[in-house]
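The values are calculated or read from the model by the stated rules, or taken from the named source; none is laboratory data. Computed from a prediction, not measured in an experiment: that's the story for all the values here. Virtual Cβ from ideal backbone geometry, glycine too; neighbours counted across all protein chains shown. Please note that ligands, DNA and RNA were not included when accessible areas were found on the heavy atoms of the full protein model with its side chains. Shrake-Rupley method; radii C 1.70, N 1.55, O 1.52, S 1.80 Å.
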Amino acid sequence: MKIASLAIASPLLLLVACGRAEPVEDLPSQDELANAANVAAAAAMAKAKSDTPASRNYVNVERGFSITFPEGWEKDASSSNADGVVYQDPGAGADVRIVWQKKDGDRTLQQIVGTVNEGSEGVSGDFIGDNEYRGTANDGEGNNVALRMIRQADGSIVTASFVYPEMLSEQYSAMAERTLDSLHVFAPKTQTPEGTAPEAAAPAPANTATP
């Protein structure tokens, strides 16, 4: 019985002996394991980034405005130029148009809005101060139009319109509002050093009159 026991135990003793004979320095250190994990994580992040759609933010530095489009919408290159851009929902007949127009003489924003609203139906909107207008209308062809117009400091106008089928109002009305809310204007490239938007001005000190 003792011989049999030794015969069975011999392979186990050999395995243990081999394991103990392996130099400790040949095993990966904690730092090496951590580095390997970091490399693997970086590779995974790079792949995820490559699979992510391009940014939905559109920035026109030359004209001084930016906007964020709904996810999945596609640019209509044939209708876009240096003064504006058009994005479309590929399957629903909806689109967003952002157009820059240079100063038109001494016309006020109120006068420009009046001209834009001519020929539209069900026009409703409000002015926000002297330099912004938000409104809605119907184009007479079964489409609703959500509109936002902002007058820049030099008198030029940035107009964003979100057009969608009237029958899909429940689906698109909130999306239109969010999209128009994302419209921002800033000083055009020609008016800022190195084409960057100027930083926000510091608040005036207390008890100091602001011109």
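Odds and ends about this structure:
- Test: E194 is assigned to a helix (DSSP H, G or I), farther than 23 Å from A77 by Cβ and modelled with pLDDT under 90: yes
- Residue in region 87-109 that is surrounded by 10 or more Cβ atoms within 10 Å (Cβ to Cβ), among the acidic types (D, E) and modelled with pLDDT of 90 or more present: yes
- Of the residues making up region 123-135, one or more are of a type outside the set (S, T, Y), open to solvent by less than 30 Å² (accessible area, probe 1.4 Å) and over 27 Å from Q191 (Cα atoms).
- Test: residue in region 153-163 that is open to solvent by 30 Å² or more (accessible area, probe 1.4 Å), in a loop (DSSP other than H, G, I, E, B) and among the small types (G, A, S): yes
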